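The values are calculated or read from the model by the stated rules, or taken from the named source; none is laboratory data. Quick caveat: nothing in here was measured; it's all calculated off a predicted structure. Here Cβ is always computed from backbone atoms with ideal geometry, including for glycine, and neighbour counts include all displayed protein chains. To get the accessible areas, we keep the full protein, side chains included, count just its heavy atoms, and leave off ligands, DNA and RNA. Shrake-Rupley method; radii C 1.70, N 1.55, O 1.52, S 1.80 Å.
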Protein chains: 2
Amino acid sequence: MQRVTVLSGGMGGARFLQGLLHGIRSRSIVGLAPQAEVTVVANTADDIWVHGLKVCPDLDTVMYTLGDGIDPDRGWGRRDETWSVRTELEAYEVEPTWFGLGDRDVATHLVRTQMLDAGYPLSQVTQALCRRWDTGVRLLPMTDDRVETHVAVPDDASPSGRRVVHFQEYWVRLRAAVPAEAVVVVGLDDSSPAPGVVEAITEADLVLLPPSNPVVSVGTILGVPGIRDAVVATKAPVVGVSPIIGGTHVRGMAEQMLTAIGVDVSAAGVGLHYGSRSTGGVLDGWLVDEADADQLGALDAAGLAARAVPLYMTDPEATAAMAAAAIDLVR
Amino acid sequence: MQRVTVLSGGMGGARFLQGLLHGIRSRSIVGLAPQAEVTVVANTADDIWVHGLKVCPDLDTVMYTLGDGIDPDRGWGRRDETWSVRTELEAYEVEPTWFGLGDRDVATHLVRTQMLDAGYPLSQVTQALCRRWDTGVRLLPMTDDRVETHVAVPDDASPSGRRVVHFQEYWVRLRAAVPAEAVVVVGLDDSSPAPGVVEAITEADLVLLPPSNPVVSVGTILGVPGIRDAVVATKAPVVGVSPIIGGTHVRGMAEQMLTAIGVDVSAAGVGLHYGSRSTGGVLDGWLVDEADADQLGALDAAGLAARAVPLYMTDPEATAAMAAAAIDLVR
C-alpha cells in the first residue's frame, strides 16, 4: 500500500498520524510501503474567527504536531509559547476572553488571515503554511467553504430553554460540562470538498479513520457533500480506530457528542454508527481496545472485521502498533 | 489658559506632552490652569497596514507614552515587550520582515483592526483604545481617512531613477540613510479632519507645535484640508518648539525631510517655514535652543516672538520648563 488517506480531527488524529508516520519510517507496519504517502483530510468545522483572526484548530494541531512545533503537554498550540497578546487583549477587556491565543500561534493566524483576505482559498493557505513545517504529509482542509459546528446547550434564561454556542465556546468556555442537546453544523450541506479531497479518498490504497471525535471531527468531514460518497465508493479498504475505550473517551468529548446524537457510548456503538460498507456504512474494519473485546461479536455480526488491541496512544511506537493492527485487519 | 491643543507626531511630540502634563500637574507652568485640558491632534500619515493589521505609530507612541506603557529606552512600542510573533513571521518568511511587531503591540493592532473592519472610524477606535490607558489627554487622529506618506528615493534599477516607498520603509528599513528626493502624502488632499479636530483648534486657549517633524508629522497634520485654516483662524496664540538644534535634529529625521522640501535645516529655517500668522503663516511664537540664539534676529524680523532656552527633553521637569517658556512667549 502506497497511498494512505486519513480523515482527521485535532489531537487524537494528530497523535495517530504521528504514530503512523513513525511506523512507516521505521518500517514496522506490514503492508505499508516505506515511501508510503499520507494525505490528511482535516476537519475545519471547529474553525473560528476570533479577534479578527481565522483560527483552524484541527489543521494547526496536525501541522504543529507533525512539524514538531506542538506543545506536547497541552497537545495543542505551540511549544515555548508566550502569552503577551492574550494578556493585553484582557487588559483591553476585549471579548472573547475565554479563547486565549498564544503569541506564536497568533503569527500563524496572521499569515492565514492575510492570505484569506487576499483571496486565497483555505487549501492554498494551508499548503503555504505547511511549507514551513516539515509535516511529512499532504494536509488538506475538508473544504474551502466556511463550515462551523454549533452546539445547543440548556439556557433557562432563553424562552426556548436553549441557546446555541459555537463549538469552541462549548469546548473551551463551557468545557463540555453541560449537556449538548443538539449539534448543528452550519454551512455543511452547502459546502464542497476542497480540491484534491475526493481524489485522495477514491485513489487511495487505504483509508483510515483515526480515533478522532466521530461526531464533530470525522462526522463533519463525512458530512461534506461528496466525501461520504467517496469513502463508500473507494476501492481502498477503510479501517477505523475506536475513540471510545471502556465506555468513555480517552480525550476530548466524544461521549457528550455521541450522547447528543443518540449513539451508544461504546467502542461497538461508534463502529456500528459508522457502519459496514457492506450495509451502507463507511467501514470495512474497526479496531477496539482490549477492554472492549466483549463487543467484537456485535461488530462481526454487523459485517465489520474487528479486533481488540491496546488503543492507548502512549508513544509513537504504541501508536504505530495500533496502525499496524488496523491495517492488518484488511490486508 | 484652560484648553490646550497640541499637534503631535510620535516620539518628540509624546515626550513634549509628557513634560507639558507634568508641568500642569506640578503647577510649574505659569499661565496654565491646574485643570487645563489637553487635546492632542496626532499625525496618522505614518500609519501602515502590515501583516493585515492597521498600525498607527504616532497615535500609539502618544498613547503608550502618556499611559505609562512605552518602552522608555526605545521610545516606541511597549515596555516588557516580547517578540514571539515576529520570530514566527520570520520563520514563515512573510514580508515585510523589516517591520517587527512586538507581541503586546500586536494586541493593540488586533483590537484596532477588528474595530475598523466592523466599521468604526479611527477616531472612535482611538477613543476605545485610550479607555484602557490613562493618558490624561484627549487623543484625536488628524483624520479618519486613509492618508499615507510616501518617500521617493534613488533607484538606479528603475527607468525613472527613483522608486517610491512607504514612509515606514524609508524610516525603518532604509533608516533614512538614503536621500529623500520627494515626499508625497497620498490621500492628504482628499482627507477631512476627524470629528473634533477643527473645534479643538478654534476653541483652544493655546495651540502648541511640539518639536515633532515639521514635514511628515506637523506638516501632514496642517495639510489636512481645514486644519491649517483653523490654526490660522484661531484666537488662541500658536507657539512652536524647534525640532532642530544646532543645525540638526535631536531624534528622528527632520534633517532629511527638510532637505527634501528645500527648507534650511536650522531652528530659524523651520520657524520661517511655519511662518508668522501676521504674514500668512501658522505661528505667533517660536522657541529655539540656546545654541541657536544667533537666529533670534531673523525670527523677530519675520514677526515671530522668539526666545532661546534649553530644548533638550532630558526629563519631564526640563520639558515642562520648555513648555513654560513657550507659553511665556505669548502670555
- Item | Scan of the stretch B:33-47 for residues that are crowded, with 20+ Cβ neighbours inside 10 Å and either at pLDDT below 95 or not in a loop (DSSP other than H, G, I, E, B) (or both), ordered by number | B:Val38, B:Thr39, B:Val40, B:Val41, B:Ala42
- Query: Consider A:Thr135 against the criteria (1) hydroxyl-bearing (Ser, Thr, Tyr); (2) within 13 Å of chain B (Cβ to nearest Cβ); (3) closer than 15 Å to A:Ala42 by Cα: it satisfies all of them except one. Which criterion is unmet?
  - Reply: (2)
- Which residue, of A:Gly52, A:Gly119, is at the interface with another protein chain (Cβ under 9 Å from one of its Cβ atoms) and farther than 22 Å from A:Arg15 by Cα? A:Gly52
- Task: Find all pairs meeting these conditions: Cβ atoms under 9 angstrom apart; at least six residues apart or on different chains; first residue within the stretch B:239-264 and over 17 Å from B:Gly13 (Cα atoms); second residue among the aromatic types (Phe, Trp, Tyr).
- Result: B:Gln256/B:Tyr170
- Message: Filter the stretch B:202-226 down to the residues that are closer than 11 Å to B:Met142 by Cα and part of a helix (DSSP H, G or I) and list them by number.
- Response: B:Val218, B:Thr220, B:Ile221, B:Leu222, B:Gly223
- Task: Could you tell me whether any residue of the stretch B:8-15 is open to solvent by less than 20 Å² (accessible area, probe 1.4 Å), more than 16 Å from B:Thr135 (Cβ to Cβ) and either modelled with pLDDT under 95 or in a helix (DSSP H, G or I) (or both)?
- Result: yes
- All conditions in (1) touching a residue at least 40 places away in the same chain (Cβ under 8 Å); (2) open to solvent by 40 Å² or more (accessible area, probe 1.4 Å); (3) of a type outside the set (Phe, Trp, Tyr); (4) within 13 Å of chain B (Cβ to nearest Cβ) are true of A:Val172 except (4)
- Query: Quick one: A:Ser278 ticks every box in (1) open to solvent by less than 50 Å² (accessible area, probe 1.4 Å); (2) closer than 18 Å to A:Val330 by Cβ; (3) modelled with pLDDT under 95 bar one, so which box is it?
  - Reply: (1)
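Yes/no per residue for (1) assigned to a strand (DSSP E or B); (2) within 30 Å of B:Leu21 (Cβ to Cβ):
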residue: B:Gly119; (1), (2): no, no
residue: B:Val125; (1), (2): no, yes
residue: B:Thr135; (1), (2): no, yes
residue: B:Thr149; (1), (2): yes, yes
residue: B:Val164; (1), (2): yes, no
residue: B:Trp171; (1), (2): no, yes
residue: B:Ala200; (1), (2): no, yes
- Message: Within the stretch A:193-223, take every residue that is among the hydroxyl-bearing types (Ser, Thr, Tyr) and surrounded by 21 or more Cβ atoms within 10 Å (Cβ to Cβ) and give me the one that is nearest to A:Gly281 (Cα to Cα).
- Response: A:Thr220
- Item | Qualifying residue in the stretch A:176-187 (condition: among the acidic types (Asp, Glu), touching a Lys or Arg at 6+ places or on another chain (Cβ under 9 Å) and part of a loop (DSSP other than H, G, I, E, B)) | yes
- Query: What is the residue count in the stretch A:254-270 for residues that are open to solvent by less than 20 Å² (accessible area, probe 1.4 Å) and either within 16 Å of the chain's Cα centre (by Cα) or among the aliphatic types (A, V, I, L, M) (or both)?
  - Reply: 6
- Message: Can you tell me how many residues within the stretch B:69-116 are within 20 Å of A:Thr82 (Cβ to Cβ), assigned to a loop (DSSP other than H, G, I, E, B), at the interface with another protein chain (Cβ under 8 Å from one of its Cβ atoms) and among the acidic types (Asp, Glu)?
- Response: 1
- Query: In the stretch A:196-206, how many are touching a residue at least 60 places away in the same chain (Cβ under 8 Å) and in contact with a helix residue (DSSP H, G or I) (Cβ under 6 Å, 6 or more places away or on another chain)?
  - Reply: 1
- Query: Of the conditions (1) at pLDDT below 95; (2) exposed (fewer than 15 other Cβ atoms within 10 Å of the Cβ); (3) under 19 Å from the mean Cα position of the chain (by Cα), B:Gly226 fails just one. Which one is it?
  - Reply: (1)
- Task: Select from the stretch B:229-242 the residues that are out of contact with any helix residue (DSSP H, G or I) (no Cβ under 7 Å at 6 or more places or on another chain) and open to solvent by 10 Å² or more (accessible area, probe 1.4 Å) and write down the one among them that is farthest from B:Ala320 (Cα to Cα).
- Result: B:Asp229
- Query: Only one of (1) open to solvent by 10 Å² or more (accessible area, probe 1.4 Å); (2) β-branched (Val, Ile, Thr); (3) at pLDDT 95 or above; (4) under 25 Å from A:Thr113 (Cα atoms) fails for B:Thr97. Which number is that?
  - Reply: (3)
